[in-house]
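Accompanying notes for the structure given below.
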Amino acid sequence: MIRIRVIFDLLELPIKVSNGTEIKSVTLSHIDFDLEQFLLFLLLRFHKEKNMKRRNKIVLLILMVFTFIPVSSFAAETTGVDSKNYDWNPVMDAIIQVESHGNIRAKRGSSVGAMQITPILVVECNQILKKRKSKKRYKLSDRFSLSKSKEMFLLIQSYYNPFNNIEKAVRLWNGGLNFSIQRTQRYFEKVMNLLKN
């Protein structure tokens with residue numbers, strides 16, 4: 001209700017209900033509105049209003065945009081767990097089994113180590129560390145260290161997957177930053193099968 005009152009205070013307008021009665025912004029807190037329908041009504045009513053100040057039109061448009069952004073997609077990504085305290089060990093262990101069966105000396109093309117880390121990923125980790133003003137840097141040889149490989153995984157997740165979405169983590173690890181759902185599906189299913197067992 002507060003957001004509706006703010007709209008009317010900014011627009012400096014009363015609203016007329018169906019019976020012709022005017023309601024001023026101070027009395028709006030007693031009326032139950034569906035905010036999306038209400039803002040749609042305002043947009044349709046005032047989109048061609050010549051006397052409406054430009055500032056007021058911009059405020060209304062901004063409120064409309066933020067109201068219609070689907071919050072459900074954001075909520076689906078969240079786990080409610082602080083990213084620093086999230087336990088990624090089961091996911092990392094499953095990825096290690098899929099990638100190399102636990103072999104820290106495994107090599108496949110430019111990917112090496114238990115987690116099959118590419119040189120590009122090492123560079124990406126170092127760029128994240130640089131952005132965070134950290135002096136730490138990873139070397140290509142760190143890919144053969146299981147502990148440093150896990151550190152790189154956690155760094156990538158903290159930066160690109162702050163809401164700890166397991167599906168995104170697995171697909172991101174397999175397909176890179178611009179992963180394809182279709183191309184990472186088989187890999188995702190393998191990791192998830194190991195996590196379920």
In nm, to one decimal, how far is the Ser110 label point from the Asn178 one, both placed 7 Å along Cα→Cβ? 1.5
With a ≥ b ≥ c taken as the square roots of the eigenvalues of the C-alpha gyration tensor of region 89-196, please select rounded if a/c is under 1.5 and otherwise prolate if a/b is larger than b/c or oblate if it is not? oblate
Residue-wise, which Karplus ³J(HN,Hα) couplings in Hz belong to region 114-128, taking 6.51 cos²θ - 1.76 cosθ + 1.60, θ = phi - 60°, and x for glycine or proline? 4, 9, 6, 8, 8, x, 4, 5, 4, 4, 4, 4, 5, 5, 4
How large is the dipole of region 89-196 about the Cα centre if only Lys and Arg carry +1 and Asp and Glu carry -1, each at its Cβ, rounded to the nearest 20 debye? 460
5 Å is the cut-off here: which amide hydrogens, built 1.01 Å from N in the peptide plane, fall below it relative to Ile117, excluding neighbours closer than 5 in sequence? Val112
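Quick note: the coordinates plus some simple rules give every number you see, no bench work behind them. Just so it is clear, the structure is predicted and the values come from calculations on it, not from any experiment. For neighbour counting, all protein chains shown are included, and Cβ atoms are generated from backbone atoms with ideal geometry for every residue, glycine included.
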